[in-house]
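Down below is the structure, laid out as structure tokens.
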Amino acid sequence: EEPMPFYLPKCLVVISHHAFYDVQRTFLHQLYRIASCGKSPLPLERYVANFMHDIPLPRPGAATVFWTCFTTDTEVRYRRPAPNELPLVNYSYKPIFSCLSVSNILTIWGILLQEGRVVLQSENQALLTPVAEALTSFLFPLTWQGMYIPVLPSNMMDLLEAPLPFLIGFVGRTCPQPPGVVTCDIDQDIVHLGTDE
């Protein structure tokens, strides 16, 4: 009797020090297209190795990299800004401005400028990273030097007690609020300043 095939799901995650979100999204989309057609001459791992090791990282402000994806119908262009240029914003500001009012954005921005402790909370996990990235980009020409965790795992909730500046995202409706921690409810557009008033 022939053994039955056993299939396991595959998950690929791109982690980078650089915020090339569109390039990474295009890479994962192209990889999905290759895997779903089932006619690839190479294993998927070979495509990943090519993307990770053969495509150069552009020097800040000096060069632009053009990359023709694995299928010839898509070309990606990316560069890193020089230190005196505006920061790399490779994502949309639409999520932050569609969820939060300008007055609440300015409140959170002011608290971040004072190196405060801020928790962003939402039931939609996909909103936390774009909102947090937008807030940190608003600090230009300064950079956020505090602890930065766009999505905090539930088993690390004790980090909210840390006595240092942080910007943390939390998935859920009820987030503990230690004294001095400002909580921004992205879903309701409400900012709790961490005081009794």
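The values are calculated or read from the model by the stated rules, or taken from the named source; none is laboratory data. Bear in mind the structure is a predicted one, so any value in this text is a computation, not a measurement. Note that each Cβ is placed from the backbone with ideal geometry, even for glycine, and that neighbours are counted across all protein chains shown. What goes into the accessible areas is simple: the full protein's heavy atoms, side chains included, and nothing from ligands, DNA or RNA. Shrake-Rupley method; radii C 1.70, N 1.55, O 1.52, S 1.80 Å.
When each of L127, L120 is tested for being touching a Leu at 6+ places or on another chain (Cβ under 7 Å) and either of a type in the set (A, V, I, L, M) or farther than 17 Å from F166 by Cβ (or both), the lone residue that passes is L120. Looking only at residues in the stretch 32-62 that are surrounded by 12 or more Cβ atoms within 10 Å (Cβ to Cβ) and farther than 30 Å from L8 by Cβ, the one that is modelled with the lowest pLDDT is G61. Taking the condition of being open to solvent by 60 Å² or more (accessible area, probe 1.4 Å) and touching a residue at least 60 places away in the same chain (Cβ under 8 Å), how many residues in the stretch 120-151 meet it? Matching residues across the stretch 120-151 total 2. Would you call S16 of a type in the set (G, A, S) and either surrounded by 13 or more Cβ atoms within 10 Å (Cβ to Cβ) or assigned to a helix (DSSP H, G or I) (or both)? No: the conditions fail for S16.
Restricting attention to the stretch 76-110, the residues that are outside any strand (DSSP E or B) and open to solvent by 80 Å² or more (accessible area, probe 1.4 Å) total 9. Exactly one residue out of F66, F51 is over 30 Å from D187 (Cβ atoms) and not in a helix (DSSP H, G or I): that is F66. In the stretch 152-197, the residue that is farthest from I105 (Cα to Cα) out of those that are among the β-branched types (V, I, T) and surrounded by 15 or more Cβ atoms within 10 Å (Cβ to Cβ) is V171. Checking each residue in the stretch 123-149 for being assigned to a loop (DSSP other than H, G, I, E, B) and touching a Pro at 6+ places or on another chain (Cβ under 7 Å) picks out F140, G146.
So the check is Cβ under 6 Å with 6+ separation or different chains; which pairs have a first residue in the stretch 170-194 that's hydroxyl-bearing (S, T, Y) and a second one that's assigned to a strand (DSSP E or B) and open to solvent by less than 80 Å² (accessible area, probe 1.4 Å)? Within 6 Å, the pairs are T183/V119.
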